[in-house]
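Scroll down for the structure; my scribbles are underneath it.
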Amino acid sequence: MRALPQELRRLGWEVGLHGSYLASEEPGRLREEKRRLEECVKMEVDVYRQHYLRFPSALLAGLREAGFRYDSSLGTSHSAGYLSGVSTPHSLEGIWELPLSLMDGCIDPARHPMFESDQSRQETVSALLSSALAGSGLVVVDWHQNYFDEDEFPGFQGLYAQILSQSREAHRGGVRDLASWWEVRHSARFVRQKDGGWLLTGEDLPAGFTITVSGGTLETDHRVVIRNLADEVLITFQEPGPWAFRVG
């Protein structure tokens, strides 16, 4: 077991702490579990998910005190969707939260009889993914290993394949990978220039950064991709920032 997380790290996978049942209420227990995991994997661990998604008010303070930066515990095992109504990463008292939106148990017919048919499960998954895509939102999937056992959970392998297929155009990654991109986005600032133009600046702005222009056109010397929508234009910069531009 000590070798496994180190092997995962070597292969480029993300290693985080899955806190015990009481860790969300006991900061001392949370700190100790983090210390033991870091001692095992020989690296700092800053990603967290709470066992049973227990999210009491004390959890955020405990995460900050223990030195975590990212969490993905804000969700429910009772239904698919966003518990807080927010479909994008956001900061909660200094912790970057990636809200959980789909857990395998949410559509387990043993827990929820309305999902006895393959069709009902497939339609629920499809609707969630379609909604997130339409709103440029985030889908965090929590899929346990035992749900890949076709004898015990028939059809769930196919559901996971459906998720991968329906989201094939999306950017995928671990909690830290996706949240760090949003941290960069959060640092972005528009600065008015003396010549009347604008500078979009921030910390390590990556290629692929997209802004919206309404009621005008954007002029820039940078390489961009332009998408025209019904009432606005999406401008995606194809090289790292900062970027200077004018809006006419």
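The values are calculated or read from the model by the stated rules, or taken from the named source; none is laboratory data. Computed from a predicted structure; not experimentally measured. Don't worry about glycine lacking a Cβ; one is built from the backbone with ideal geometry, like all the others, and counts go over all protein chains shown.
Looking across segment 40-60, the residues that are at pLDDT 90 or above and in a helix (DSSP H, G or I) come down to H51, Y52, L53, A58, L59, L60.
Only a single item in (1) in contact (Cβ under 8 Å) with a residue 40 or more places away in the chain; (2) in the same structural domain as M103 (by TED's automatic domain parsing) is not met by R172, and it is number (1).
Return yes or no: is R121 crowded, with 17+ Cβ neighbours inside 10 Å, among the charged types (D, E, K, R) and either at pLDDT 95 or above or assigned to a loop (DSSP other than H, G, I, E, B) (or both)?
Here the answer is yes, as R121 does meet what is asked.
Only one of the numbered conditions (1) crowded, with 17+ Cβ neighbours inside 10 Å; (2) modelled with pLDDT under 95; (3) in contact with a Ser or Thr (Cβ under 9 Å, 6 or more places away or on another chain) is not met by L37, and that is (3). For segment 91-104, the criterion of being in a loop (DSSP other than H, G, I, E, B) and either among the acidic types (D, E) or farther than 30 Å from L229 by Cα (or both) is met by at least one residue. If I filter segment 10-28 for residues that are aromatic (F, W, Y), more than 13 Å from E65 (Cα to Cα), at pLDDT 95 or above and out of contact with any Asp or Glu (no Cβ under 8 Å at 6 or more places or on another chain), do I get at least one hit? For segment 10-28, residues aromatic (F, W, Y), more than 13 Å from E65 (Cα to Cα), at pLDDT 95 or above and out of contact with any Asp or Glu (no Cβ under 8 Å at 6 or more places or on another chain): present.
Got a sec? Which of E25, E33 is of a type in the set (D, E) and part of a loop (DSSP other than H, G, I, E, B)? Explain how you work it out, then say what you get.
Working: E33 fails: part of a loop (DSSP other than H, G, I, E, B).
Residue meeting the stated conditions: E25.
Condition check for E123 on (1) in the same structural domain as L98 (by TED's automatic domain parsing); (2) under 23 Å from the mean Cα position of the chain (by Cα); (3) closer than 30 Å to G16 by Cβ: one failure, at (3). Scanning segment 134-156 for residues that are out of contact with any Ser or Thr (no Cβ under 7 Å at 6 or more places or on another chain) and within 15 Å of G174 (Cα to Cα) returns V141, D142, W143.
All of (1) of a type in the set (D, E, K, R); (2) assigned to a loop (DSSP other than H, G, I, E, B); (3) within 30 Å of S72 (Cβ to Cβ) hold for E239 with one exception: (3).
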